[in-house]
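Values quoted throughout were computed directly from the atomic coordinates according to the rules given, and no laboratory measurement underlies them. Every value quoted in this text rests on a predicted model; they were computed, and no experiment measured them. Reconstructed Cβ throughout: ideal geometry from the backbone, glycine too, with neighbour counts over all protein chains shown.
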Amino acid sequence: MRSGNAILSGYGTTIFEAMSRLAGAHNAINLGQGFPDDRGAEDVLQVAARALLEGNNQYPPMMGLPALRQAVAAHAARFYGLEVDWEREVMVTSGATEALAACLFGLIEPGDEVVLFQPLYDSYVPIIRRAGGIPRFVRLQPPGWTVDPDELAAAFSPRTKLVVLNNPLNPAAKVWSVEELRLLADQVIAHDCLAVCDEVYEHLVFDGRRHVPLMTLPGMRERTLRIGSAGKTFSLTGWKVGYVTAAPDLLQPVAKAHQYLTFSTPPNLQAAVAYGLAKDDAYFGLLAAALEAKRDRLAAGLVSAGLPVLPSEGTYFVVADITGARGLRPGEDDADFCRRLTTDAGVAAIPVSAFYEEGAPTHLIRFCFSKQDAILDSAVMRLKEFFGR
Ligand code: PMP
Ligand code: GLN
């Protein structure tokens with residue numbers, strides 16, 4: 001019998017690809033998949049172009065270019081006061097997606113339990129299951145996406161190997177408070193387990209908030225693997241350059257997975273990201289400020305079109321509640337509604353139910369606001385027309 005692996009074959013095409021294809025086929029404005037529609041950081045592009053033409057294009061070292069590993073360590077010291085040994089504690093990966101897979105494949109033994117928060121990014125659970133892990137879910141309650149301490153405690157057991165935390169959180173646009181991080185750290189320490197932290201949106205936090213890596217909490221430095229990505233930090237999502245920072249005894253097993261998954265990442269892109277991570281503080285501040293203004297623009301537009309929005313504290317995203325939306329058909333869920341919005345209103349969004357393995361809400365949809373203002377305005381006009389506003 002020639003059939004695929006049962007776990008992976010059980011999943012369809014990712015919602016991001018599916019909605020982008022639908023948007024393309026219907027000429028819809030794509031506020032679904034999360035990516036900016038500008039060229040990205042121009043000086044970073046220039047460094048990459050020069051490195052491509054003038055630099056080395058053969059295999060770089062498996063752990064990443066020293067220049068990028070040094071830059072990741074320096075960035076951690078500058079923004080979070082973390083002391084990182086670049087030679088023993090930093091590894092470059094092909095995007096955060098590979099970093100996550102390498103962490104999960106490198107750390108999980110079959111039968112290990114993994115604590116996860118729903119809603120969650122779509123790549124986590126398939127990889128955990130494929131690695132033989134058993135997911136244990138904790139639900140975050142909208143609209144504040146709060147965590148119930150009792151439910152959190154109940155998800156941990158003597159078999160817990162690790163917890164996966166996405167902060168800031170896609171699609172909920174939640175930035176975890178220090179109190180919530182403490183609650184989580186207490187459980188991780190009490191159960192002597194690990195934390196894999198997906199922090200790809202670390203610089204996209206709004207309204208004067210500060211991103212606090214779980215790794216900086218007392219007792220967590222030696223238990224945490226922190227993942228970042230150039231895609232979000234330099235508005236270059238197609239580049240797929242990620243990095244993992246962790247204590248040497250945690251990074252080593254992850255490197256064992258990385259060496260068989262991808263082994264290395266294009267050297268010219270690595271050189272450019274090393275340059276980018278050293279940019280002055282103003283770059284990072286302006287990036288967040290520009291996105292904050294776009295969040296406000298789209299959120300106000302959605303409200304004026306009759307779609308109330310949930311708070312957006314960070315990321316590229318704002319979630320809208322479709323419960324009272326004009327024209328919502330009886331029994332229509334978020335996925336059907338998003339498809340109809342794409343084909344009939346000409347605006348693509350992502351159903352939040354796609355971020356759940358079980359017990360998904362069906363009244364929330366996610367819009368991406370990292371687009372030119374004129375595009376956001378056109379999308380709002382189309383929605384207003386569709387809703388007869
Ligand atoms: N984690 C989260 C929460 C994401 O939203 C994304 C999407 N970009 C990724 C990981 C993947 O990042 P990368 O493109 O660097 O693989
Ligand atoms: N992270 C992006 C999002 O949430 C999608 C990345 C992808 O398409 N795999 O929209």
Worksheet item: Nearest 20 debye, what's the magnitude of the dipole of segment 1-116 about its Cα centre given +1 on Lys and Arg Cβ and -1 on Asp and Glu Cβ?
Response: 360 debye
Practice prompt. Could you tell me the convex hull volume per residue, in Å³, taken over the Cα atoms of segment 180-245?
Written response: 83 Å³
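For F355, what charge total do you get from the other residues with a beta carbon under 11 Å from its beta carbon, if Lys and Arg give +1 and Asp and Glu give -1? Spell out each step's value before the answer.
Details: positive: R366; negative: D122, D334, E357.
Computed value for this residue: -2.
Gain in length, K279 to E87, computed as 0.36 nm per residue apart minus the alpha-carbon separation, to one decimal in nm? Walk me through the intermediate numbers first.
Values: separation 192, 0.36 × 192 = 69.12 nm, distance 2.16 nm.
In short, 67.0 nm is gained.
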Item to complete: With all distinct Cα pairs included, what does the Kirkwood hydrodynamic radius of segment 231-321 come out to in Å, to one decimal, could you say?
Response: 16.3 Å
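Sum up the charges of everything whose Cβ sits under 12 Å from the Cβ of G301, counting Lys and Arg as +1 and Asp and Glu as -1, but leave G301 out.
+4
From the gyration tensor of the Cα coordinates in segment 14-149, what semi-axes in whole Å does the equivalent ellipsoid have, largest first, with each one equal to sqrt(5λ)?
Working: eigenvalues 185, 132, 60 Å².
For segment 14-149, the semi-axes come out at 30, 26, 17 Å.
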Item to complete: Under a 10 Å cutoff between Cα atoms, tell me which one of L341, L104, L376 has the largest fluctuation in the Gaussian network model of the chain.
Response: L341
Item to complete: May I ask you to list the aspartates and glutamates whose Cα is less than 13 Å away from that of K279, ignoring any residue fewer than eight positions away on the same chain?
Response: E42, D43
Worksheet entry | Sorted by Cβ density within 10 Å, fewest first, the residues I375, I227, I15 | I375, I15, I227
Item to complete: Could you work out how far helix 373-386 tilts from the main Cα principal axis of the chain, as a 0 to 90 degree angle to the nearest 10?
Response: 40 degrees
Item to complete: Would you mind calculating the relative contact order of the chain from Cα pairs under 8 angstrom and at least 6 residues apart, reporting the percent as a whole number?
Response: 25 percent
Practice prompt. Give the whole-number value, in cubic angstrom per residue, of the convex hull volume spanned by the C-alpha atoms of the chain.
Written response: 150 Å³
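Please compute the net charge surrounding A172, taking Lys and Arg as +1 and Asp and Glu as -1 over other residues with Cβ under 10 Å from its Cβ. It would help to have the intermediate numbers written out before the result.
Working: positive: K174, R366; negative: E313.
That sum, taken over residues with Cβ under 10 Å, equals +1.
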Worksheet item: Any idea what log10 I(q)/I(0) is at q = 0.15, 0.16, 0.17, 0.21 Å⁻¹ for segment 134-286, Debye with uniform C-alpha scatterers and no solvent?
Response: -0.90, -1.01, -1.12, -1.47
